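Here the structure is laid out as structure tokens; the discussion comes afterwards.
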Amino acid sequence: MSAKTLYDKLWDSHVVRQEADGTAQIYIDRHLVHEVTSPQAFEGLRLAHRKPWRIASMLAVADHNVPTTGRDKGIADPISRLQVETLDQNCEELGITEFRMADLRQGIVHVIGPEQGATLPGMTVVCGDSHTSTHGAFAALAFGIGTSEVEHVMATQCLLMKQAKAMQVLVEGVLGKGVTAKDIALAVIGKIGTAGGTGYAIEFAGSAIRALSMEGRMTLCNMAIEAGARAGMIAADDTTISYLKGRPFAPQGESWDKAVAYWRTLHSDDGAQFDKVVRLAAAEIKPQVTWGTSPEMVVAVDGRVPDPASAPDEVKRQDWARALQYMGLTANTPISEIKIDKVFIGSCTNARIEDLRAAAAVARGKHVAANVKLAMVVPGSGLVKQQAEHEGLDKMFVAAGFEWRDPGCSMCLAMNDDRLAPGERCASTSNRNFEGRQGPGGRTHLVSPEMAAAAAIAGHFVDVSKL
Amino acid sequence: MRKFTVLDGLVTPLDRANVDTDAIIPKQFLKSIKRSGFGPNAFDEWRYLDHGEPGMDNSKRPLNKDFVLNQPRYQGAQVLLARENFGCGSSREHAPWALEDYGLRAIIAPSFADIFFNNCFKNGLLPIRLDAASVDALFKAVEATPGYRLRIDLEQQTITAPDGTVYRFEVEAFRKHCLLNGLDDIGLTLQHVDEIKVYEQKRREQQPWLFA
């Protein structure tokens, strides 16, 4: 038998049947559901008099619209409230497990899946959300889908798709001080571009990846979609297995042993062929800061805002010029001289316990700079929040002048009340710096939690590797 | 789903790369629990001078005259000409819903983001990948020719320009079949219920922990 990539193994084990042109019917093991992309799918099912194929495969949570403060008063915006209530009703009617807003287990869908052990190695995991790539950190084939496909999975437990090409991103060596999985992700995107992974599934490998915690691996796979790849993945190893042990949805006893034996096969075989290989040296990666309106517009913190005149082609030159104008930046400005107005530590990229510990370690005993109007920390789930409070991180943040909020997507996409005002500049641990993403006219700089905390304290970007 | 066979449509250009789905339909409109009515808010932040919120009367809002889709010559366009990586970012299917509701039936670009590309086919919207040089030529032609139309024939996989130039494009056979016939994916998959059950049973035996 020829050597297989991890992606081949995951793909092959889920093919139910195949069309003549290679379009395959793929079986879906886990379907995560949130309030924004599901109502039309539930409605479609109802109109067609169909029932969900396997309700036990579904886990639902409201995260995009939920408030991060004053939650006991409910959701003020009637349109947001209706969307969350619609999810509640749909789940209740069909008997789907849902963590409601008052549930301690509620949180961002891509944080709670792994936290509950609902994401397991060898699974196919889908959700009507592009950041579903996060779950690939567990050697799962996980990708975002649209609402039509949400309905398709509900009705058939399957999806129709073609196998993507396989890309390996190899990161060898040891990361420097203050350099994180987020910086690897941004460095990869800076290197291959936001369309570099289009048509590919990316496997992250190499000694620097193996050294990452599960939280770091999730951060990295989360941003595979920002490199254009629907799916990112990492081989299962001891780190994966020890993270999962004892989680509520994970197997136990004899079943656990059997599962672990299988999970240990979930890696690319020696000699497996990839359609493309990209290499990065861990030691050369510096803390990253985006300067523009696409995640590929990124430089190291000791760099400068680029000059559109030096862009490689005319389309890019216009792109860069438009981005600088939107961002209110001048070419050649040192990144460390960019002052910020707000700080957001949160999102499905960076709101796990390790992220909060790292940010708290930078902020401890210091205070948010006078020019920073708001620095907020939004834990990824109620359980992350509880753990952080147990460790006293909340007190550290509050003493340093940060706001300590309730879990949700919050200012990553600003669907709730957490948003930037026009022209405000934010150091954000989220995943997208698109125009208007954090609020109309808002200016987003993507960074790691350490970098965001350090920027909050200094009032401008600083190189955490030099602290 | 609406069939797509042959389209002879007015073309509108959108000359920027990496147009993301947040730009195509901003997040505040995603709060709707319906599938229709997103057209007036397609490209909302570029298209209007004020900030849009759900429930506003869009016909009374101030238009950004500088935004290309607002130019009188492009009103009623059914074909969008775009640059690389169109539809990147969020998986929101509200993006193709908004474009379709706006009146578009086809999008031509050098490349598309995967999820958006896939979502288009579920909504009778044809995304066409053409090489960058051809897209460049089309941008120049559209700019130079008021009322510029293209004839798109899905069966033949061709785009015919007014000067007779024919561009061939690729489309996966299965997607083409579904779009030409307006077929519902779910209905097709459910023709194979027995095979799904057989697969599921095997999986249940091999990896019982997935079904606990």
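Observations, loosely collected:
- Selection within the range A:365-407 - charged (D, E, K, R) and closer than 17 Å to A:Leu420 by Cβ: A:Lys373, A:Glu403, A:Arg405
- Listed by position, the strands (runs of 3 or more DSSP E) inside the range B:123-212 whose residues that are more than 13 Å from every other protein chain (Cβ to nearest Cβ) and touching a Lys or Arg at 6+ places or on another chain (Cβ under 7 Å) number at least 1 are B:126-129, B:158-160.
- Selection status of A:Val125, touching a residue at least 12 places away in the same chain (Cβ under 8 Å) and either under 20 Å from A:Glu43 (Cβ atoms) or away from every other protein chain (no Cβ under 14 Å) (or both): no
- Flag for A:Glu43 being closer than 26 Å to A:His110 by Cα, open to solvent by 10 Å² or more (accessible area, probe 1.4 Å) and facing chain B (nearest Cβ under 8 Å): yes
- Pairs where the first residue, in the range A:134-157, is within 13 Å of chain B (Cβ to nearest Cβ) and on the phi > 0 side of the Ramachandran plot and the second is open to solvent by 10 Å² or more (accessible area, probe 1.4 Å) and in a helix (DSSP H, G or I), C-beta under 9 Å, 6+ apart: A:Gln157/B:Glu200
- Top-ranked residue of the range A:324-340 - restricted to ones that are assigned to a loop (DSSP other than H, G, I, E, B) and either modelled with pLDDT under 95 or of a type in the set (Val, Ile, Thr) (or both), ranked as surrounded by the fewest Cβ atoms within 10 Å (Cβ to Cβ): A:Thr330
- Sole exception among (1) open to solvent by less than 10 Å² (accessible area, probe 1.4 Å); (2) hydroxyl-bearing (Ser, Thr, Tyr); (3) over 19 Å from the mean Cα position of the chain (by Cα) for A:Thr219, by number: (3)
- So A:Gly197, is it on the phi < 0 side of the Ramachandran plot, assigned to a loop (DSSP other than H, G, I, E, B) and over 14 Å from the mean Cα position of the chain (by Cα): yes
- Whether a residue is modelled with pLDDT under 95, in a helix (DSSP H, G or I) and either within 9 Å of chain B (Cβ to nearest Cβ) or open to solvent by 60 Å² or more (accessible area, probe 1.4 Å) (or both) was assessed, and A:Asp72 passes this test.
- Hits in the range A:92-112 - residues which are within 14 Å of chain B (Cβ to nearest Cβ), in contact with a strand residue (DSSP E or B) (Cβ under 6 Å, 6 or more places away or on another chain) and open to solvent by less than 10 Å² (accessible area, probe 1.4 Å): A:Val109
- Consider the range A:133-153 and keep the residues that are in a helix (DSSP H, G or I) and farther than 20 Å from A:Val15 by Cβ. The one that is nearest to the chain's Cα centre (by Cα) is A:Thr134.
- Odd one out for A:Gly380 among (1) of a type outside the set (Ser, Thr, Tyr); (2) within 14 Å of another protein chain (Cβ to nearest Cβ); (3) crowded, with 21+ Cβ neighbours inside 10 Å: (2)
- Only residues that are assigned to a loop (DSSP other than H, G, I, E, B) and either touching a strand residue (DSSP E or B) at 6+ places or on another chain (Cβ under 9 Å) or open to solvent by 10 Å² or more (accessible area, probe 1.4 Å) (or both) were counted across the range B:82-118, and they come to 13.
- Hits in the range A:438-467 - residues which are farther than 17 Å from A:Pro334 by Cα, assigned to a loop (DSSP other than H, G, I, E, B) and open to solvent by 10 Å² or more (accessible area, probe 1.4 Å): A:Pro440, A:Gly441, A:Leu467
- Only one of A:Lys177, A:Lys165, A:Lys191 that is within 12 Å of another protein chain (Cβ to nearest Cβ), of a type outside the set (A, V, I, L, M, F, W, C) and open to solvent by 30 Å² or more (accessible area, probe 1.4 Å): A:Lys165
- Every residue from the range A:113-130 that is under 11 Å from A:Leu32 (Cβ atoms) and open to solvent by 10 Å² or more (accessible area, probe 1.4 Å): A:Asp129
- Restricting the range B:64-81 to residues that are open to solvent by 10 Å² or more (accessible area, probe 1.4 Å) and in a loop (DSSP other than H, G, I, E, B) leaves a set whose member that is nearest to B:Val171 (Cα to Cα) is B:Gln78.
- Given (1) open to solvent by 10 Å² or more (accessible area, probe 1.4 Å); (2) within 28 Å of the chain's Cα centre (by Cα); (3) more than 28 Å from B:Ile33 (Cβ to Cβ); (4) in contact (Cβ under 8 Å) with a residue 40 or more places away in the chain, number of the condition A:Tyr27 does not satisfy: (1)
- Sole residue being among the basic types (Lys, Arg), open to solvent by less than 90 Å² (accessible area, probe 1.4 Å) and modelled with pLDDT of 95 or more, chosen from B:Arg151, B:Arg168, B:Arg203: B:Arg203
- Residues of the range A:391-407 include none that is out of contact with any Cys (no Cβ under 6 Å at 6 or more places or on another chain), modelled with pLDDT of 95 or more, among the charged types (D, E, K, R) and under 22 Å from A:Met297 (Cα atoms).
- Search result, residues across the range A:224-268 that are among the polar types (S, T, N, Q) and either under 22 Å from the mean Cα position of the chain (by Cα) or buried (at least 18 other Cβ atoms within 10 Å of the Cβ) (or both): A:Thr239, A:Thr240, A:Ser242, A:Ser268
- In the range A:288-323, the residues that are among the aliphatic types (A, V, I, L, M), assigned to a helix (DSSP H, G or I) and modelled with pLDDT of 95 or more: A:Ala309, A:Ala321, A:Ala323
The values are calculated or read from the model by the stated rules, or taken from the named source; none is laboratory data. Treat the numbers as computed from the prediction; the structure is a model and nothing was measured. Here the Cβ is made from the backbone with ideal geometry for all residues, glycine too, and neighbour counts use every protein chain on show. To get the accessible areas, we keep the full protein, side chains included, count just its heavy atoms, and leave off ligands, DNA and RNA. Shrake-Rupley method; radii C 1.70, N 1.55, O 1.52, S 1.80 Å.
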